[in-house]
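> Here it is: the structure, laid out below.
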Amino acid sequence: MKFIITLLIPVFYFCSLVAAKSHNNEVFKESLHLTDTINAEPKGGYANFYQKWYSYARYTNEAKKNRITGRVHVKFIVNENGTLSDFEIRKSLGYGLDEITIEAIKKCGKWNAKKIDGKLAKEEMVMPFAFKLR
């Protein structure tokens, strides 16, 4: 009898562990909610967007004279309707290049808005824009 009880204790212990793990997995699956998210992007893609931006962005005379190169980082909001707003310079080059950057971005057109579970949403973007002298 002692022998049977000694054998059954580990079996019951193992069964209780398996049951607890199974219960925890069910709770985890129920608490996990995955969302289907598509981030905002320029209509025509990023390569097309930057190509348009480079066609609109021009060096100021002062920036050319001072041989200014580098990147302007711009934060902006892509609204639900694809328009851009709330522009803010995060990294400046000065010499009028910050203003040129924002004006060129505005000329590039609408974006495809962010979608969360099929619903349109605003998205904050921060993007670099490079100025190089040739």
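Matching residues to (1) under 30 Å from Lys119 (Cα atoms); (2) outside the structural domain of Ala121 (by TED's automatic domain parsing); (3) at pLDDT below 95; (4) of a type in the set (A, V, I, L, M, F, W, C):
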| residue | (1), (2), (3), (4) |
| --- | --- |
| Ile5 | no, yes, yes, yes |
| Ser16 | no, yes, yes, no |
| Lys21 | no, yes, yes, no |
| Glu41 | yes, no, no, no |
| Lys52 | yes, no, no, no |
| Val74 | yes, no, no, yes |
| Asn79 | yes, no, no, no |
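> If you don't mind, there's one more thing I want to ask. Please work out which residue is surrounded by the fewest Cβ atoms within 10 Å (Cβ to Cβ), limiting yourself to the range 59-113 and to residues that are in contact (Cβ under 8 Å) with a residue 60 or more places away in the chain and in a loop (DSSP other than H, G, I, E, B).
Going through the qualifying residues, I end up with Arg67.
> Answer yes or no: is there a residue in the range 116-128 that is out of contact with any strand residue (DSSP E or B) (no Cβ under 8 Å at 6 or more places or on another chain), surrounded by 14 or more Cβ atoms within 10 Å (Cβ to Cβ) and either assigned to a helix (DSSP H, G or I) or hydrophobic (A, V, I, L, M, F, W, C) (or both).
No; the residues of the range 116-128 include none that is out of contact with any strand residue (DSSP E or B) (no Cβ under 8 Å at 6 or more places or on another chain), surrounded by 14 or more Cβ atoms within 10 Å (Cβ to Cβ) and either assigned to a helix (DSSP H, G or I) or hydrophobic (A, V, I, L, M, F, W, C) (or both).
> Something else about it: So in the range 99-134, with the set limited to residues that are of a type in the set (Lys, Arg) and under 18 Å from Gly70 (Cβ atoms), which one is farthest from the chain's Cα centre (by Cα)? Step through it out loud before you land on a result.
Filtering the range 99-134 down to residues of a type in the set (Lys, Arg) leaves 106-107, 110, 114-115, 119, 122, 132, 134.
Next, from what is left, pick out any that are under 18 Å from Gly70 (Cβ atoms): 132, 134.
Details: Lys132: 26, Arg134: 32 Å.
For the range 99-134, the residue satisfying everything is Arg134.
> Right, next: Taking the range 38-58, which residues are surrounded by fewer than 16 Cβ atoms within 10 Å (Cβ to Cβ) and part of a loop (DSSP other than H, G, I, E, B)?
Asn39, Lys43, Gly44, Gly45, Arg58
The values are calculated or read from the model by the stated rules, or taken from the named source; none is laboratory data. Because the structure is predicted, anything quoted here is derived from the model rather than measured. Glycine also receives a Cβ, built like all others from the backbone with ideal geometry; neighbour counts cover every protein chain displayed.
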